[in-house]
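J.: The structure under discussion is supplied below as structure tokens; questions concerning it will follow.
The values are calculated or read from the model by the stated rules, or taken from the named source; none is laboratory data. In this text, all values refer to a predicted model and were calculated from it rather than measured experimentally. Don't worry about glycine lacking a Cβ; one is built from the backbone with ideal geometry, like all the others, and counts go over all protein chains shown. Ligands, DNA and RNA are stripped out before the accessible areas are found, and what is left, the full protein with its side chains, is counted by its heavy atoms. Shrake-Rupley method; radii C 1.70, N 1.55, O 1.52, S 1.80 Å.
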Amino acid sequence: MITARDARAAAAPAAALWDVERIRKDFPALHQRVHGKPLVYLDNAATSQKPQAVIDALVAYYSLENSNVHRGVHLLSEKATQAYEEARVRVQRFLNAAEAREIVFVRGATEGINLVAASYGRTWIGAGDEVIISTIEHHSNIVPWQLLCEERGALLRVIPVDDAGELLLDEYARLLGARTKLVAVSHISNALGTVNPVKRMIEMAHRQGVPVLVDGAQAAPHLRVDVRELDCDFYVFSGHKALGPTGIGVLYGRAEWLERMPPYQGGGDMIASVTFEKTTYNALPYKFEAGTPHIAGVIGLGVALDYLSGLGLDRVAAHERELLTYGTATLQAAPGVRIIGTARDKASVLSFIVDGVHAHDVGTILDHAGIAVRAGHHCAMPVMRRFGVPATVRASLAFYNTREELDALGAGLREVREIFG
Ligand code: 7TS
């Protein structure tokens, strides 16, 4: 197994090759056969596979340390609390946040966005105000804002996108105005792979005094995120797409905002004192962590992020960029295939359609060849509508994928053509 230190040592000489076979050894799920064929896992945008180190951390927690946090005076509870809070510091470092209290543990990107919509939204967004999102958002970054706007009588404004899948920044500049109360935009689109120019978009919003939430669900596992360099107000991501367990995610919020925001949920741990007349709330970040949290998930996430950092996000991004170039050429050479999403700045997603064949049929044929892709609207129906397709096939890459796996995808697509003529 590669430890964080091994990974850094392997990364030391700039010319050193990415030892993908060695890395793959850390991921037990990659070494299995499906339908009698070696698994080719190209559904990483849905969820990533987990390294043994993360699986071991979960087993160790439940085997030896299982206990509730922030409550007991006994040793196991103290150990669990320490591990839980250490993981928060790991997340803080991963995002380069200024303080650990700016890291709130949530269920995932979806819950992080809902928290901001409910807490920030209900406090500062009123009738006639506007929230700006983009055409290429995941439903998780559309529906919470729609619910809020309906409730408050506010308006949802949408940044349009060009045929390549790039946001039209001139249109964005026109949408930003005195009524804008929040911008919520993805760092990387899950359906197209577009890397949005979020730093620039945040600068533009801040010039008008508008805070920005970045949905980093697809970015955190693929590029180095620095919330202070981005200068975003909120950043969310899901642990399970970044080598961690399901059911755990992160909301980063600038302390000045989190301090002023009311709690999202009420319950144990989020309070300072309770009487029937009045409850006062706990300090950050506990004010936003009601109830027993996903302790094992938090510990597993800490290990996952250390693993990613040990590999080096810049090296991860470089390897994936090379795979994306190779995969793009593979698709361009496949008969009847059209790529949807051709932005200049793209990451790890290959969305495509095959002439005359429904995406689900392509997905099924690929599955029988052992290749796991996603077929459908990818929880981004407005993207499908914008590009005039009902669905796409999506191969989404991770640092443990190989050129040979993309060759297998190419062969699978030739088979699709043979079957459908
Ligand atoms: N935002 C983006 C950009 C996403 O890609 C996803 C999940 C979410 C938010 C929601 O994340 P969750 O962990 O809270 O569900 N995207 C996908 C996908 O592309 N295929 O399956 C899930």
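J.: Counting only residues that are within 15 Å of the ligand (Cβ to nearest atom) and open to solvent by 30 Å² or more (accessible area, probe 1.4 Å), how many does region 76-108 have? Show your work before the answer.
T.: Our first condition is that a residue be within 15 Å of the ligand (Cβ to nearest atom); within region 76-108, this holds for 104-108.
Next, from what is left, pick out any that are open to solvent by 30 Å² or more (accessible area, probe 1.4 Å): 107.
Counting residues in region 76-108 that are within 15 Å of the ligand (Cβ to nearest atom) and open to solvent by 30 Å² or more (accessible area, probe 1.4 Å) gives 1.
J.: Is it the case, given these coordinates, that residue 111 is of a type in the set (Asp, Glu), loosely packed, with under 15 Cβ neighbours inside 10 Å and either modelled with pLDDT under 95 or in a helix (DSSP H, G or I) (or both)?
T.: Numbers: of a type in the set (Asp, Glu): yes; loosely packed, with under 15 Cβ neighbours inside 10 Å: no; either modelled with pLDDT under 95 or in a helix (DSSP H, G or I) (or both): yes.
Answer is no for this residue.
J.: Can you confirm whether region 58-65 contains a residue that is assigned to a helix (DSSP H, G or I) and aromatic (Phe, Trp, Tyr)? Give the steps one after another, and end with the answer.
T.: In the first step, residues of region 58-65 are kept if they are assigned to a helix (DSSP H, G or I); the result is 58-65.
Narrowing the set further to residues that are aromatic (Phe, Trp, Tyr) leaves 61-62.
The answer is yes; a qualifying residue exists.
J.: Considering each residue of region 270-294, count those that are assigned to a loop (DSSP other than H, G, I, E, B), of a type outside the set (Ser, Thr, Tyr) and surrounded by fewer than 17 Cβ atoms within 10 Å (Cβ to Cβ), and give that number.
T.: Going through region 270-294 one residue at a time, the tally reaches 5.
J.: Can you tell me how many residues in region 271-288 are in contact with a strand residue (DSSP E or B) (Cβ under 6 Å, 6 or more places away or on another chain) and within 14 Å of residue 106 (Cα to Cα)?
T.: Number of matching residues: 3.
J.: Mind listing whichever residues of region 325-374 are away from the ligand (no atom under 16 Å from the Cβ) and more than 18 Å from residue 412 (Cβ to Cβ)?
T.: Passing the criteria: 325, 342, 344.
J.: A further question follows. Can you pull out every residue in region 136-158 that is in a loop (DSSP other than H, G, I, E, B) and either surrounded by fewer than 20 Cβ atoms within 10 Å (Cβ to Cβ) or away from the ligand (no atom under 16 Å from the Cβ) (or both)? Reasoning before the result, please.
T.: Kept after step one, since they are in a loop (DSSP other than H, G, I, E, B), are these residues of region 136-158: 136-138, 142, 153-154.
If the condition is that a residue be in a loop (DSSP other than H, G, I, E, B) and either surrounded by fewer than 20 Cβ atoms within 10 Å (Cβ to Cβ) or away from the ligand (no atom under 16 Å from the Cβ) (or both), then 153, 154 are the ones that fit.
J.: A follow-up question, please. Of the residues that make up region 186-198, is at least one of a type in the set (Val, Ile, Thr) and open to solvent by 10 Å² or more (accessible area, probe 1.4 Å)?
T.: So in region 186-198, the residues of a type in the set (Val, Ile, Thr) come out as 188, 194-195, 198.
When the remaining residues are screened for being open to solvent by 10 Å² or more (accessible area, probe 1.4 Å), the result is 195.
Yes, the conditions are met somewhere in region 186-198.
J.: Do you know which residues across region 239-253 are within 11 Å of the ligand (Cβ to nearest atom) and open to solvent by 10 Å² or more (accessible area, probe 1.4 Å)?
T.: Those that are within 11 Å of the ligand (Cβ to nearest atom) and open to solvent by 10 Å² or more (accessible area, probe 1.4 Å): 240, 241, 246, 247.
J.: Scanning region 114-135 for residues that are part of a helix (DSSP H, G or I) and among the polar types (S, T, N, Q), which turns out farthest from the ligand (Cβ to nearest atom)? Let's see the steps before the verdict.
T.: As a first pass, look at region 114-135 and keep what is part of a helix (DSSP H, G or I): 114-124.
Those left that are additionally among the polar types (S, T, N, Q): 114, 119, 123.
On the way: 114: 9, 119: 17, 123: 23 Å.
Per the criteria, the residue is 123.
Residues are listed down the side, and each one gets a yes or a no for (1) within 16 Å of the ligand (Cβ to nearest atom); (2) in contact with a Pro (Cβ under 8 Å, 6 or more places away or on another chain); (3) farther than 20 Å from residue 360 by Cβ:
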site: 376; (1), (2), (3): yes, no, no
site: 381; (1), (2), (3): yes, no, no
site: 385; (1), (2), (3): no, no, no
site: 392; (1), (2), (3): yes, no, no
site: 397; (1), (2), (3): yes, no, yes
site: 406; (1), (2), (3): no, no, yes
site: 412; (1), (2), (3): no, no, no
site: 417; (1), (2), (3): no, yes, no
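J.: Moving on. For region 295-397, give me every one of the helices (runs of 4 or more DSSP H) that falls completely inside it and has 2 or more residues that are outside the structural domain of residue 67 (by TED's automatic domain parsing), open to solvent by 30 Å² or more (accessible area, probe 1.4 Å) and out of contact with any Asp or Glu (no Cβ under 9 Å at 6 or more places or on another chain). So that I can check it myself, show each step before the final result.
T.: Working: elements: 295-311, 313-333, 359-368, 381-386.
Correct list: 313-333, 359-368, 381-386.
J.: Do you know which residues across region 167-193 are within 16 Å of the ligand (Cβ to nearest atom) and assigned to a loop (DSSP other than H, G, I, E, B)?
T.: 187, 189, 190, 191, 192, 193
J.: Out of all the residues in region 1-45, which are at pLDDT 50 or above, in contact with a helix residue (DSSP H, G or I) (Cβ under 7 Å, 6 or more places away or on another chain) and among the basic types (Lys, Arg)?
T.: Selection gives 24 alone.
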